[in-house]
Amino acid sequence: MQQYKIKHSGTAGRRVQFLGALRLALLSLLVVVPSSWAEEAGSALTCEDGSMKNKDGSCSTPSGGTVCSLPTDESELRKLLSPEQYRVVRENGTERPFHNAYWDNHEDGIYVDVVSGEVLFSSKDKFDSGTGWPSFSKPIDASTIVEKSDRAHGMVRTEVRSKGADSHLGHVFNDGPTSTGMRYCINSASLRFIPVAELEAKGYGKYRTLFEKE
């Protein structure tokens, strides 16, 4: 995983970014979720082999092995997700920086939507932005991401959501690595990580090529 420092444009730019980050950090402190809830949510969403459960709770692998049936209503989704996961993906919440599952994850693999299992990001494009949230230079497939204008909290930002499940993922900024110039700042609560060694078993075998040496 790359290490990267976010670019700033002068004192005014640093002040704006600092105040924005401080505001989000303070908001995230309002909700502290026990780790046991996340573990319970994980078992509710996945089968013994790690694949996503179908809408009826069964463990037959969906066609293609990557995207599960979506919950039919919000009450069903609340049962599948932890309170923190639901707050992020459905209420556009922001989790605590440096206190989430994947901000410091260095293992090779892919990141999928926690609700649908849709493939979103690769560890190959993950870098250390110093923000305390998982950061990526690009999605695996840009068509899986939807961008929307976000003017909440007194800031103008670009929100990113998953196309399949309409999950709130985070925001994208134009201060990322020089390869793309973008920084996708994503909540861990919106993601599920699939290690390379488990790609085939969990139905994502075709993505192994991303990690094969050229």
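Checked against a 28 Å cut-off, the cross-linked pairs 148/213; 163/213; 148/202; 124/148; 79/126; 79/124 give Cα-Cα distances beyond that limit for 148/213; 163/213; 148/202; 79/126; 79/124.
Distance from the Cα centroid of the stretch 106-123 to that of the stretch 170-214 is 5 Å (rounded to whole angstrom). With neighbour counts taken as other beta-carbon atoms within 10 Å, the residues 80, 70 rank, fewest first, as 70, 80.
Every read-out reported here was derived from the displayed coordinates using simple, explicitly stated rules and does not represent laboratory data. Computed from a predicted model, the values in this text were never measured in an experiment. Backbone-built Cβ (ideal geometry, glycine too); neighbour counts: all protein chains shown.
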